[in-house]
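The values are calculated or read from the model by the stated rules, or taken from the named source; none is laboratory data. Please read these numbers as outputs of a predicted model, since none were measured by experiment. Every residue, glycine among them, receives a Cβ derived from its backbone with ideal geometry; neighbour counts consider all protein chains shown.
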Amino acid sequence: MIELADISKNFGKVQALHKVSLKVHNSSIHGIIGENGAGKSTLMKILTGFISKSGGDFFFHSESIDLHSPKDARKIGIGMLYQEPLDFPQLSVLDNFMVGTADFSPVNQRAALSRLCTNFGFNLNPESKVEELTVGERQQLELMRLIRDGAKILILDEPTSGISEKQQELLFGALRRLRNDGVAILLVSHKLEEIELLCDEVTVLRHGKMAGYQKRPFDREEMLHTMFDTLPVSQPPAVKHIAGDPLLNFHKVTSHVGRSGLNSVSTTIRSGEVVGLAGVDGSGQSVFLRSAFGLLQPESGRISGCREVTTRAFIPADRLTEGLIPGLTIREHHILSKKSGPIITSKSGLEKTRDAIKTYSIRGTSETEVENLSGGNLQRLLLSLIPADIQLILMESPTRGLDVQSAAWTWKHLHARLKAEGAIIFASPDFEEIMEQSTRILVFYNGSITLDTPTKATNYQQLSRAVTGEDNQQQ
Amino acid sequence: MKSLIFLFQSLVILCFLMFSLSSSFGAESTYPFGLLMVGPANDHGWSQAHFEAGQEMEKVLPGTKMIYIDKVNPADRPGITVPMLVDDLVSKGAKLIIGNSDDMKDGMREAAMTHPDIKFIHISGDDVVTGKAGVNLSNLMGRMEYGKMMAGFTAAMSSKTGKIGYLGPLINAETRRLTAAAYLGARYAWTKIRKKDAADLKFKVSWIGFWFNIPGVTSDPTLVTNSFINSGYDVIISGIDTTEALVVAGQKRKEGKNVWAIPYDYVGACTTAPKACLGVPYFNWIPGYTQMIGNAMSGKWKQEFLWLDPDWKSINNMKTSSVGFKAGDSLGEKVKEGLADFQASLADGSLNLFTGPLNFQDGTVFLKDKITATDDQIWNLPQLLEGMEGASK
Amino acid sequence: MSIILQMRRIVMISVLALSAVSLLLMLLGISPLTIGITLAKGSIFSWLKFNHVLSVWIPLLLCSCGLLFTFRAGLWNIGVEGQVICGAIGATLVLRLDNTGLPPAALLSLALFSSFLAGGLWGASAGLLKTRGGVNEIFGGLGLNFVAQGAVLWLILGPWKRAGMASMSGTDLFPRELWMWVPQGWRVAPAAIVLVIIIFLLTSLILNASQFGLKIKAAGFNPQASRLFGIRPNLICFMAMIIGGGLAGLAGGVQVSCVYHRLIPSISSGYGYLALLVVMLAGYKVAPVPIICLLFACLAAGSIQLPITLQVDSSLSGVIQGALVLSGLLVYGLQQGKRRGH
Amino acid sequence: MEVSIPSLIAAILVMAAPLVLAALGETLTEKAGVVNLSLDGTILLGAMSGFLVASESQSALLGFIAAASTGASVGAVLAVIGVRLGQSQVAVGFALTFLCRDLAYFLGNPYARQQGPQLETLPIPILSNIPFLGEAFFSHSIVVYVSLLAIPGCYYFLYHTRQGLILRSVGENPDGCWARGINPLKVQVLYTVIGGGMVGLAGAAFSLAVKPGWGHPQGCEGIGWIALALVIFGGWNPVRVAAGAYFFGMLQLLGIYFQDYFTTIPPQIFQVAPFPLMIFALILINLGHKSRNKKLTGWIELFSGRPPKWLGKTYKPA
């Protein structure tokens, strides 16, 4: 039905996709699996016309075509179900169903909606507002809209994150049905379980390249193996700290922020620990970190421990827009991060900034505005901004975008400055990093901690199973 | 930043160059005078009456030249004050400055102090009487009471419902005096000519807050007139500088309502809606200006408080009469005759409407029986009169 | 940004705006050159006229300084007009006090202080509406403008009206000794000039060279991230609103004590709105503000000459101001679009 | 003053007619996610151009067309700088407000206080003879009828047509529209221009019917800000927005009647009243959204609405 041949995509110097080829056939479900940053979302944006490819060919029924906008993709029957449904929360279900149809007739459309609902066993009230629906229901609505629009190729991005088991069953039922009706389906997922349940074939992406391809029956180990890096089966942590007094205590903390929120999370972080948070993006790690820093207030439960902001530091994943203040210079960031006199002279913070630039080898001058720094430099700047007396360091993706040396350097620094009474909590999509750097691992799945283990006591296989939801019996 | 400063400097230099190239404007006249008007020069009202009189001066008094600024009020010209404008006019050679609004009282007084060599005429003020003015400041006003009496007379003669609305500007001695005069004229027509009961005559004043509409600051005169007419008032007498009352009355007539309006201030005011216009009491500033400017030109200036009468022989003579009443097209013949008689009795002094018994609005006695009011009592009328509706203060 | 780019920007904006206005004038058969000469003559070619320019410049610069604070904090403070009015009310309140026994100079300083306080409170209430009430500061500010306008009308027509009058002309004049001192041949109080220069210097010091200014900037640029630096963005915004309102209030105080010597309904003279245009044209930067204020003040003061000598309506100067700001936005937009395109 | 109810209703309808047109135009624009802050200036410019063209051509119709196109052009300027070039819509709208106002005074100066054409009233045959209702509703100029018809028209367009649905969705989530093959920028530009046109019409409604004539001041100054406030007050719902306009018209009129009863309160205060009311409404709306009290929320939902999600933000397609 559709075929991608050697599709590449560059964002400036970054190559997000490198010669990816795959075919999606009628009446089949094709899975795409890969860790964060593997290039899945870029691939889908190309398929739906949101962005244009930099190289390669796109065939539809063996005919080479170009997609310039979502309109083009829609025309040839490509429909996509986004992870965050691209719908209109304030409008009614029926309105959402009708946006963009040529046939604007509420009576017909209402009938079409209820027919589709019955067909697939969904239960939606056309009058209720979409914002009152669950994510699962919003997906159902979108799915029916795509079918009504005659989508021949359906793309689904992480369709099961944040939806209930029952709705998942409904969704899978619908997808199987659609496959039987001749629709080609492309399913993007983290979850091996889903792939195994649904897919006829699967392509594994890694670092923007094709890492593997399998047909039914799948080989699990092989799939995991191609998804993540080939790792030594079990590597001892590079550092050894002795866990000391409790530093931070989470008691049944519940929050509804984010995709999965936090689901009655209880844990205690002790001084001397380096805690790695593993899990699929959006499983609760970022909410956990933000709650720990005090940016988010839990809806119920209690977080206790060192309260003062000055004794903890947070480095978010989106370094520039969440962690720094674009428009301010490196020096200004240093002045802000440290208590100083009310008046800023041309010398204020200068020495400290120069020191930091030197020690952390930041490529820039003290007057460089932070938005002009590259990813690695941003991270080093953020590290340099952490005051010396800090107790708790919270980080998201501490080495994302860094080359091997910078990453190693970063960790050396972090461990070096971690005093006996301090702790580091970091979330990372990279198992390697977690296994190497942490003393303790918390695995998040759908807002809950599903695995809490000393790094020594676990291995790579157990982790990948826990992360993909295979192993829910732990804890 | 340097570039900005550089740009600014070059602009300044450029301006200087252009300045030297440009020829000086205007032929020198021997006696330029300045006119500060509170409203627009083409308002069909108070300011236009002044503007046209000023223009006339250039013919009547050869050698004079008018320099004028209109819309002199803080809403139209934010941040600009009367003394500033006087400075400007003086720098343009003005030897005498006329300020045409009561609102300019403080500014005129201050300007007169800063420019002792320049003569000032403040219209409708009374600084000369109260002794607050320097010798170079005179006051000028016309006895509009007569005009307003005729307006009130005409209104009461024409009204079918016996309800007369008065669109008032702001409340002060002047406006109280004029509304009271209009009421007295109306009551006279109603009781003496039409022989009806004084209690059946409704005379209501609604104040908008200023001499003309300033959106958001004053009440909207269009709205006020509309609500008058919607409540059954069929003649609206305007006391404000602009013609909204007449415009609305014209509109309502087109809708088939039998209503009229009497505008104010300017001889040509009726042209806005001739069919709805019963007539207009107006000021003619030519005699006053001629006298004061003429004296100043010939060195005979003396501080004066001029309150000029109409020329009773011919009140519409633009050379001699300071106050006039121009009958409108829609004025009936009968009313016209009555008006002529009324005017005649005012002229020969046989009728003085400010004669007791008259009570104030709050019931206290203003004038006892057969007593006529002094000029001072009329000028400084402290309240509206009994029988009038509307706020006095 | 490089000087050359900035230079090019200024040239582009002025050429665009001036050519648009010139074209309009030529279509109407008016010579743009004559207009330019008249405006220049009416503003900078005589000491007295320059005094008038200054009397516009002072309150305009005060309002603009206040706006610099709020814009830095990422807020659209549209309520400047109301803050000016409240400042004027605050000053009048003090200047109307009888028998205080205070020397006039002390009373005047007190009046200015009270105007700062009143304006600041008004600004704070817009800030409170935003942080506590969830009312967007644009609509809150706009609403408060009208409320302040209502309050001043009520005061002038009600408790503070002149004896026997209900007029929009304003309250009674203050006693002569409560007018700010003006030397012979001047029309603006030197004290006000000194005050505004000090305020401007303080503003640029605080915004460009102080810990507090840096915090405002951080909270304005990225409120979320500023929390990581221990800044409470809501508190900072609130303080910026107070300072912004206070400075605008001070402008009202100056209007009352130096220009009108009484409270009038249109005491704010539209400076609040004009100041917004000034700061927008300045690209929200501190340094160009006094120069643009001067330019706008020249246009405003010079515009009186248009009807006197050319019988052209004064509103032309407003057209020039508006055209400058709009072409400024257009040029910024084009340049940003280009940069994005690269 | 004794009040005759039908004539009071008639007066409110007339006074509010331009306000209704302007507020509905702004509702359309804002529903598409664009804030056009320039209303106050656009109304004046529309009033001026309408009056000027009408008195030159002696045709009120041409005047209305001129005013609408003037308003549409102002909308187009906002659309180019504020939507296409991505500058702050508030800043552009604000600059436009003052540019348009002064341009109107400047260009219109030669026509100030001149005689110009006025719309005649067109009592609707038969209907206008109905007692009470006839005087109140069916004896007006065409402007009033248009404003009355515009309310259901606007409502129908927004909630019962395909284009209306697209318009609303763009204001909610332009990305979603882009994914459905709709170009949100085009839609935003279109409705900024159309909304501007309606605001221009409101201007002509003033200068050719409600407050006939042109001058400085025209008398319609400040109405633009009120229209902007009404859009919020009415919760972006055309019917409630229009109701707000009539409420405001009533307050204005009552201010004049109240002058007699509350002599201590200047009538001008009543003109200011809608603003504190608006702020109060906004606070209530906010509290309502925060509160978990279902009863309170439900009650507030009755007379409040939420702004379109993308209101005032610039959409940049990926």
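Observations, loosely collected:
- Residue list for the stretch B:74-95, filter: in a loop (DSSP other than H, G, I, E, B) and within 8 Å of chain C (Cβ to nearest Cβ): B:Pro74, B:Ala75, B:Arg77, B:Pro78, B:Gly79, B:Ile80, B:Thr81, B:Lys92
- A:Glu169 vs. criteria within 24 Å of D:Arg162 (Cβ to Cβ) and surrounded by fewer than 17 Cβ atoms within 10 Å (Cβ to Cβ): no
- Qualifying residue in the stretch C:96-117 (condition: at pLDDT 90 or above and within 14 Å of another protein chain (Cβ to nearest Cβ)): no
- Number of residues in the stretch C:209-248 that are more than 14 Å from every other protein chain (Cβ to nearest Cβ) and among the β-branched types (Val, Ile, Thr) equals 2.
- Conditions (1) outside any strand (DSSP E or B); (2) on the phi > 0 side of the Ramachandran plot; number of the one not met by A:Met44: (2)
- Meets criteria (in contact (Cβ under 8 Å) with a residue 24 or more places away in the chain and of a type outside the set (Phe, Trp, Tyr)) for C:Ile156: yes
- Positions within the stretch A:93-124 being at the interface with chain D (Cβ under 10 Å from one of its Cβ atoms), among the hydroxyl-bearing types (Ser, Thr, Tyr) and surrounded by fewer than 17 Cβ atoms within 10 Å (Cβ to Cβ), in sequence order: A:Ser105
- Number of the condition not met by C:Ala275 [criteria: (1) modelled with pLDDT under 95; (2) in contact with a Ser or Thr (Cβ under 8 Å, 6 or more places away or on another chain); (3) of a type in the set (Gly, Ala, Ser)]: (1)
- When the test is whether a residue is among the aliphatic types (A, V, I, L, M), farther than 18 Å from C:Gly245 by Cα and within 14 Å of chain D (Cβ to nearest Cβ), C:Leu75 does not pass it.
- Condition check for A:His251: more than 22 Å from A:Glu84 (Cα to Cα), within 14 Å of chain C (Cβ to nearest Cβ) and not polar (S, T, N, Q): no
- Some residue of the stretch C:51-63 being within 10 Å of chain B (Cβ to nearest Cβ), at pLDDT 90 or above and either over 22 Å from C:Gly318 (Cβ atoms) or not in a helix (DSSP H, G or I) (or both): no
- Filtering the stretch B:140-183 to residues that are out of contact with any strand residue (DSSP E or B) (no Cβ under 7 Å at 6 or more places or on another chain) and within 18 Å of B:Trp307 (Cβ to Cβ) leaves B:Glu145, B:Met149, B:Asn172, B:Ala173, B:Glu174, B:Arg176, B:Arg177, B:Leu178, B:Ala181.
- Condition check for B:Gly332: at pLDDT below 90 and in contact with a strand residue (DSSP E or B) (Cβ under 6 Å, 6 or more places away or on another chain): no
- Per-region count, the stretch C:144-164, residues more than 9 Å from every other protein chain (Cβ to nearest Cβ) and among the aromatic types (Phe, Trp, Tyr): 1
- Qualifying helices (runs of 4 or more DSSP H) (wholly inside the stretch B:165-270; at least 1 residues being more than 9 Å from every other protein chain (Cβ to nearest Cβ), in contact (Cβ under 8 Å) with a residue 12 or more places away in the chain and of a type in the set (Gly, Ala, Ser)): B:173-188, B:244-254
- Flag for B:Val235 being surrounded by fewer than 24 Cβ atoms within 10 Å (Cβ to Cβ), touching a Gly at 6+ places or on another chain (Cβ under 8 Å), outside the structural domain of B:Lys59 (by TED's automatic domain parsing) and of a type in the set (Val, Ile, Thr): no
- The stretch D:33-79, residues that are without any contact (Cβ under 8 Å) to a residue 40 or more places away in the chain and among the hydrophobic types (A, V, I, L, M, F, W, C): D:Val53, D:Leu61, D:Leu62, D:Ile65, D:Val77
- Of the candidates C:Gly127, C:Gly140, the single residue that is over 24 Å from C:Val56 (Cβ atoms), surrounded by 24 or more Cβ atoms within 10 Å (Cβ to Cβ), in contact (Cβ under 8 Å) with a residue 24 or more places away in the chain and within 13 Å of another protein chain (Cβ to nearest Cβ) is C:Gly140.
- All positions within the stretch D:144-156 that are free of Cβ contacts under 8 Å to residues at least 12 places away in the same chain and either within 14 Å of chain A (Cβ to nearest Cβ) or of a type in the set (Gly, Ala, Ser) (or both): D:Gly153, D:Tyr156
- Residue list for the stretch C:309-333, restricted to those being within 8 Å of chain D (Cβ to nearest Cβ) and free of Cβ contacts under 8 Å to residues at least 40 places away in the same chain: C:Asp313, C:Ser315, C:Gly318, C:Gly333
- Listed by position, the strands (runs of 3 or more DSSP E) contained in the stretch B:289-393 that have at least 1 residues being crowded, with 16+ Cβ neighbours inside 10 Å, at negative phi and over 22 Å from the mean Cα position of the chain (by Cα) are B:365-367.
Conditions (1) surrounded by fewer than 21 Cβ atoms within 10 Å (Cβ to Cβ); (2) at pLDDT below 90, marked per residue:
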{"position": "C:Leu214", "(1), (2)": "no, no"}
{"position": "C:Phe221", "(1), (2)": "yes, no"}
{"position": "C:Gly230", "(1), (2)": "yes, yes"}
{"position": "C:Cys237", "(1), (2)": "no, no"}
{"position": "C:Val254", "(1), (2)": "no, no"}
{"position": "C:Pro265", "(1), (2)": "no, yes"}
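- Check on C:Val182, part of a loop (DSSP other than H, G, I, E, B) and either crowded, with 18+ Cβ neighbours inside 10 Å or hydrophobic (A, V, I, L, M, F, W, C) (or both): yes
- Some residue of the stretch B:138-145 being over 14 Å from the mean Cα position of the chain (by Cα) and at pLDDT below 90: no
For (1) in contact with a Gly (Cβ under 7 Å, 6 or more places away or on another chain); (2) farther than 14 Å from B:Glu145 by Cβ; (3) not assigned by TED's automatic domain parsing to the domain that holds B:Ser159; (4) not β-branched (Val, Ile, Thr), each residue gets a yes or a no:
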| residue | (1), (2), (3), (4) |
| --- | --- |
| B:Lys313 | no, yes, yes, yes |
| B:Asn316 | yes, yes, yes, yes |
| B:Ala344 | no, yes, no, yes |
| B:Ser350 | no, yes, no, yes |
| B:Phe354 | no, no, no, yes |
| B:Phe360 | no, yes, no, yes |
| B:Val365 | no, yes, no, no |
| B:Asp375 | no, no, no, yes |
| B:Gln383 | no, yes, no, yes |
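- Those helices (runs of 4 or more DSSP H) of the stretch D:164-237 in which at least 3 residues are free of Cβ contacts under 8 Å to residues at least 60 places away in the same chain and within 12 Å of another protein chain (Cβ to nearest Cβ), considering only elements entirely within it, cover D:174-179.
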